[in-house]
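The values are calculated or read from the model by the stated rules, or taken from the named source; none is laboratory data. This one's a predicted model, so the numbers in the text were calculated from it and none came from an experiment. In this analysis, Cβ positions are derived from the backbone assuming ideal geometry, glycine residues included, and neighbour counts consider all displayed protein chains.
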Amino acid sequence: MTAKSSSKNKKQGPKDADAYLASQPEAFVYGIPGFKLDGKAFVCYAGFKNHCGFYPMSPAVIRAYSSELKDYEVSEGTIRFQPEKMLSMPLIKKLVKARMAEIRTT
């Protein structure tokens, strides 16, 4: 892929996070399932013995939504939660869209 075609694909890519995720195969990013956007780690998710994790791959995105994440355990790039207290779909969409915007502006 040339830089010119890459730039063209970036401009033509879906703007909506739902459309993007539905159109992309999953990828392993840092050993966990997730998605890439424009070749960069986008978002990931995983389930473990004692918790589940959602990874926006961005401390800035987590900080931007810190008030909505106050009931969850968060660290620099991770949101941990219990299966019985899942992240809401509207919150996941906000995080995904914020991460998409962050990647697209860099």
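Tabulated results
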| item | result |
| --- | --- |
| Residue, nearest to residue 78 (Cα to Cα), within the range 26-55, restricted to residues that are charged (D, E, K, R) and in contact with a helix residue (DSSP H, G or I) (Cβ under 8 Å, 6 or more places away or on another chain) | 40 |
| Pair list, Cβ under 7 Å, 6 or more apart: the range 90-106 residue more than 11 Å from residue 38 (Cα to Cα), other residue of a type in the set (S, T, N, Q) and surrounded by 18 or more Cβ atoms within 10 Å (Cβ to Cβ) | 99/58; 102/58 |
| Listing of helices (runs of 4 or more DSSP H) fully contained in the chain that carry 2 or more residues being surrounded by 10 or more Cβ atoms within 10 Å (Cβ to Cβ) and at pLDDT 90 or above | 59-64, 89-104 |
